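Asks: Structure in structure tokens, see below.
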């Protein structure tokens, strides 16, 4: 299993663009229906801090790479953050669910 996260902060004007493009990404994922992944987006209550998390069964087969909507979001994040924000690999060290 592979877990990658992207964390970034924007100003309030750019945050609206990020939310809009993020919705486009989820619509594209819904249409493509790739298997073996969980893609989760988080936003702070202020709406200007974001975390995007991608969990995949197979690390080599990232279906997001081929989606133009994801490339557009990546470009927007780079502009908002002032530099590219590469995904960071994470590992699950504990989990509880009830």
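Asks: Calculate the FRET efficiency for residue 75 and residue 97 from the Cβ-Cβ distance with a Förster distance of 41 Å, rounded to the nearest 0.05.
Replies: 0.70
Asks: Mind sorting out which of (i) 12.0, 32; (ii) 13.3, 45; (iii) 13.6, 40 is the real Rg and Dmax of the Cα atoms in Å computed from the coordinates?
Replies: (iii)
Asks: Please state the relative contact order of segment 26-98 as a whole percent: Cα pairs under 8 Å, 6+ residues apart?
Replies: 19
Asks: Ok, one more. Using a simple spin-label model with points 7 Å from Cα along the Cα→Cβ vector, what separation in nm is obtained for residue 90 and residue 51?
Replies: Rounded to a tenth, the inter-label distance reads 0.4 nm.
Asks: Let me ask something additional. Given the Cα-Cα distance of residue 42 and residue 5 and 0.36 nm per residue of separation, how much length would full extension add, in nm?
Replies: 12.3 nm
Asks: Add -39500 (n - 2.57) for each DSSP H run of 4 or more in the chain, then divide by its residues: what number comes out at 222 nm, to the nearest 500 deg cm²/dmol?
Replies: Result for the chain: -12000 deg cm²/dmol, rounded to the nearest 500.
Throughout, read-outs are computed from the coordinates displayed, never taken from laboratory work. Model, not experiment: these values are computed from the prediction. Glycine gets a Cβ as well: all are built from the backbone with ideal geometry, and neighbour counts include every protein chain shown.
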